[in-house]
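Asker: Provided herewith is a single structure, encoded as structure tokens, for subsequent inquiry.
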Amino acid sequence: MMLTTISWIALIIGIISSAIIIVDITRHPQQMKVMNLVWPINGWFFGPFALWAYFKWGRLNAKGSEREDRRKTPAKVFVSTSHCAGGCTVGDAAGVPFVALTGFTIVGSTLFAHFWLNLS
């Protein structure tokens, strides 16, 4: 029961974080279009940390931003890694239901189908 409550709280915090990022991205779109999806996705699982990272580092790459990019290597690595994590999240969110609903298998195994969809 307690873990369910904690899960719901984390989910609500993630959704609120994503919503705040989405509102800001509609006003300040990113130069690289895929990041318009990546930052809200990061809000799902990073919550308040994603908000902090977006407003500190993500807004530097908004179209028309005149702020100078003085990020150090760890910040650049984080943004690059979160870009990759966002793609994996979308793949998992779409791939798992696809396999479950269609019964898609590879060599008779849904596990292989999940792996293949996640790596595609």
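Bear in mind these aren't lab numbers, they're just calculated from the coordinates by the rules spelled out. These numbers come from a predicted model, not from an experiment. We place every Cβ from the backbone using ideal geometry, glycine too, and count neighbours over all the protein chains shown.
Asker: Between ARG71 and residues 5 or more places away or on another chain, which pairs have amide H atoms under 5 Å apart, with H built 1.01 Å from N, and which residues are they?
Answerer: none
Asker: Let me make sure I get this right: for the chain, a, b and c are the square roots of the gyration tensor eigenvalues over alpha carbons, sorted descending. Under 1.5 in a/c it's rounded, otherwise prolate if a/b > b/c, else oblate. Which is it?
Answerer: prolate
Asker: Which angle between 0 and 90 degrees, to the nearest 10, do you get for helix 2-27 versus the longest principal axis of the chain when only C-alpha atoms count?
Answerer: Here the helix axis deviates by roughly 50 degrees.
Asker: Would you calculate a helix-derived [θ] at 222 nm for the chain, using -39,500 (n - 2.57) for each DSSP H run of n ≥ 4 and dividing by the full residue count, to the nearest 500?
Answerer: Details: 5 runs with 87 residues, N = 120.
After summing the helix terms and dividing by the residues of the chain, the value is -24500 deg cm²/dmol.
Asker: Ignoring the sites themselves, what is the longest stretch of the chain with no trypsin sites (Lys or Arg not before Pro) in a DSSP loop and at most 16 other beta-carbon atoms within 10 Å?
Answerer: Maximal segment without exposed cleavage sites: 73-120.
Asker: Just how far, in whole angstrom, is region 46-65 from region 71-120 if you go by their alpha carbon centroids?
Answerer: The two parts, judged by their Cα centres, are 23 Å apart.
Asker: Also: Can you give the angle from 0 to 90° between the axis of helix 110-119 and the longest principal axis of the chain, with both taken from C-alpha atoms, to the nearest 10?
Answerer: It works out to around 20 degrees.
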